[in-house]
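The values are calculated or read from the model by the stated rules, or taken from the named source; none is laboratory data. As the structure is a prediction and not an experimental result, all values here were calculated from the model. Neighbour counts run over all protein chains shown; Cβ positions are idealised from the backbone, glycine included. When the accessible area is computed, the model is the full protein with side chains, heavy atoms only, and any ligands, DNA or RNA have been set aside. Shrake-Rupley method; radii C 1.70, N 1.55, O 1.52, S 1.80 Å.
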Amino acid sequence: MPQLRTPAQGVRNIVRFNWPFFAMALGVVVALGGGAWLSSGLLRGLLAAAAFATLLPVAVSLGVSWWVYDRSELYRLDWLGRVPNLKLGRALNIHSGFDETSELLRERVQNLVVFDFYDPAAHTEASIARARRAYDVFEGTQVVKTTALPLPDDSVDTAFVIFAAHEIRDDAERAAFFCELGRVLKADGHMVVTEHLRDAPNALAYTAGVFHFLSKRTWQKTFERAGLRVSTSFRITPFVTTFVLKKIATGEATR
């Protein structure tokens, strides 16, 4: 399989697409460090401590991101081997405006359909807008609505939703989105949902940024409302979780 990602691409993209935050953090560290250098005594110690306290969480988040996005198996897709009986005949990959996975999946999938549900009026993340300007659109990508996917019922073997569904902030819309995914999924198909969770490891890694993620309980409620059950789940590093979903058959209780 050809090498489709460059070294440190993940962490470089994070800095590139979120540069105002990193510029502000750097400015604060420089100002505090300069103040410490020009001061003495207790004030110097306090300013130096404040500079370190500002720098540390930024450095930790970038270090974790480098491990997750550039050193782990995440974008090698080796973890697909952990999905029991995964079928890669006709697959749907659906994202929220920034697509890092379709080129990778194309090497493994016989028939890949790619949808983009990004709506600039509803999904207002500035980093996504910057990413869309920086990267070409995957060939054949269709722009869709979260609640109306242009595919027939029972037409997809596997649906991939990787780092995308958390951008749907409204609970009802998110449940409707997964209902649509369930509609187009075959009875024996799989839905592969990969996300950061709002949990302790991600809180330690990303501090306040963890609130952009959703909790495991919220995901479970969403899946249940959409008539889906988690057949298995696993971690890709302590910071990324993959849920493998199946349709709930008639008369089947959720687990």
#### Entry: Entirely in segment 14-110, the helices (runs of 4 or more DSSP H) that have 2 or more residues that are open to solvent by 60 Å² or more (accessible area, probe 1.4 Å), of a type in the set (Ser, Thr, Tyr) and over 30 Å from Thr147 (Cα atoms)
none
### Query
Out of all the residues in segment 112-149, which are polar (S, T, N, Q) and surrounded by fewer than 21 Cβ atoms within 10 Å (Cβ to Cβ)?
Thr124, Ser127, Thr141, Gln142, Thr147
### Message
Of the conditions (1) under 17 Å from the mean Cα position of the chain (by Cα); (2) farther than 22 Å from Leu88 by Cα; (3) not polar (S, T, N, Q), Ala226 satisfies every one except a single condition; which number is it?
### Response
(1)
### Task
Determine which member of the set His196, His190 is modelled with pLDDT of 95 or more, more than 16 Å from the chain's Cα centre (by Cα) and within 18 Å of Ile236 (Cβ to Cβ).
His190
### Query
Between residues in segment 26-46 that are within 20 Å of Val58 (Cβ to Cβ) and residues that are among the basic types (Lys, Arg) and surrounded by 12 or more Cβ atoms within 10 Å (Cβ to Cβ), which pairs lie under 6 Å by C-beta distance while being six or more apart or on different chains?
Ala36/Arg44
### Selection within segment 192-212 - more than 25 Å from Arg229 (Cα to Cα), touching a residue at least 24 places away in the same chain (Cβ under 8 Å) and of a type in the set (A, V, I, L, M)
Leu204, Ala205
### Query
In segment 189-212, what residues are more than 27 Å from Asp157 (Cα to Cα) and buried (at least 19 other Cβ atoms within 10 Å of the Cβ)?
Arg198, Asn202, Ala205, Tyr206
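Can you tell me which residue within segment 1-13, out of those that are assigned to a helix (DSSP H, G or I) and not basic (Lys, Arg), is farthest from Arg106 (Cα to Cα)?
Val11
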### Task
Collect the residues in segment 150-184 that are open to solvent by 10 Å² or more (accessible area, probe 1.4 Å) and assigned to a loop (DSSP other than H, G, I, E, B), keeping them in residue-number order.
Pro150, Leu151, Pro152, Asp153, Asp154, Ser155, Phe163, Arg169, Asp170
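Just to verify a result, which residue in segment 213-249, among those that are in a strand (DSSP E or B) and open to solvent by less than 30 Å² (accessible area, probe 1.4 Å), is farthest from His190 (Cα to Cα)?
Step by step, filter segment 213-249, then rank; the result is Leu214.
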